[in-house]
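Step one of this worksheet: look at the structure below.
The values are calculated or read from the model by the stated rules, or taken from the named source; none is laboratory data. None of the values given here were measured: they were computed from a predicted structure. All Cβ positions, even for glycine, are placed from backbone atoms using ideal geometry, and neighbour counts span all protein chains on display.
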Amino acid sequence: MIEARPPYSHTHMADFDICPKRYLHKHVLRDCPPEPPSEALLEGRRVHEAIASYLAGRPDAPEPASKLPTRFRGTSPDQGEVLVERKLAIDGHGRPVSWQGSYYRGTIDFAIVKPPVALLVDWKTGKRRENPAELEFHALLISCHWPGVETVSAQYAWLRDECFGQEFRIPVKRLLEQHRKKVEAMQASTFEARPGPLCGWCPVKVCSHNKT
Ligand code: SF4
């Protein structure tokens, strides 16, 4: 029997929410034909790398095109521990583990951690859409690595619109349980196709609903 399996990232869970069949082929069977990365994906990578270099204070880093990251340049140590493009992984019980063999994992774009609070920012190059799911997943990873954190104040930074999005104040207490329930639903799934607007941008060519 085919089952969902770790590692679980936000992308895996988001793909499952869009369409269980899409998740199955992309992340479990991994049988989608290889495609070159889209220009939007490449642009997103370039922007993230540029912001990370700038915020890490690399002397040769140019100013990023957006002014939003400048707010965080030169954060002093007494403001908290600064994370830039930090990979965090945990096991199914929320214990920090290495990336390989992890259960949940993700990369934090930018955060300042000073228990009992943390500030979390996720750079976005696409269209504005205020869904806190990715922020909640990353808040879970932070809270498991810094157990003193009780609340994460999290925002997307919409680089195209040059503005910060809604501020989500995320209590971390029940995040592990919430994500465990999501994974249980994935593991119990029979991976039915769920046709929708994204069938026009789906890598699952064997699906009869594919419109690419
Ligand atoms: S084409 Fe549509 S229904 Fe088929 S796997 Fe992709 S998203 Fe799901």
- Among the candidates Val113, Val149, residue that is of a type in the set (A, V, I, L, M), assigned to a strand (DSSP E or B), without any contact (Cβ under 8 Å) to a residue 60 or more places away in the chain and within 17 Å of Ile90 (Cβ to Cβ): Val113
- Item | Count - residues of the stretch 23-41 that are within 18 Å of the chain's Cα centre (by Cα) and modelled with pLDDT of 95 or more | 3
- Kindly check whether there is at least one residue in the stretch 175-185 that is within 7 Å of the ligand (Cβ to nearest atom) and closer than 25 Å to Tyr103 by Cα. no
- Message: I'd like to know if the stretch 160-174 contains one or more residues that are more than 16 Å from the ligand (Cβ to nearest atom), within 30 Å of Leu29 (Cβ to Cβ) and among the aliphatic types (A, V, I, L, M).
- Response: no
- Here the qualifying pairs (Cβ atoms under 6 Å; residues six or more apart or on different chains; first in the stretch 173-185 and under 15 Å from Pro147 (Cα atoms); second aliphatic (A, V, I, L, M)) come out as Leu175/Leu140
- Message: Within the stretch 186-198, take every residue that is within 16 Å of the ligand (Cβ to nearest atom), touching a residue at least 40 places away in the same chain (Cβ under 8 Å) and part of a helix (DSSP H, G or I) and give me the one that is nearest to Lys127 (Cα to Cα).
- Response: Leu198
- Message: Give all pairs with beta carbons closer than 7 Å in which a residue from the stretch 26-51 that is of a type in the set (D, E, K, R) meets a residue that is part of a helix (DSSP H, G or I); count only pairs at least 6 apart in sequence or on separate chains.
- Response: Lys26/Asp15; Asp31/His25
- Item | Options Ser98, Ser208: the member that is within 16 Å of the ligand (Cβ to nearest atom) and more than 28 Å from Glu43 (Cβ to Cβ) | Ser208
- Message: If I filter the stretch 62-83 down to residues being under 15 Å from Trp123 (Cβ atoms) and small (Gly, Ala, Ser), which single residue comes out as surrounded by the fewest Cβ atoms within 10 Å (Cβ to Cβ)?
- Response: Ala65
- Query: In the stretch 104-145, what residues are over 10 Å from the mean Cα position of the chain (by Cα) and β-branched (Val, Ile, Thr)?
  - Reply: Ile112, Val113, Val117, Val121, Thr125, Ile142
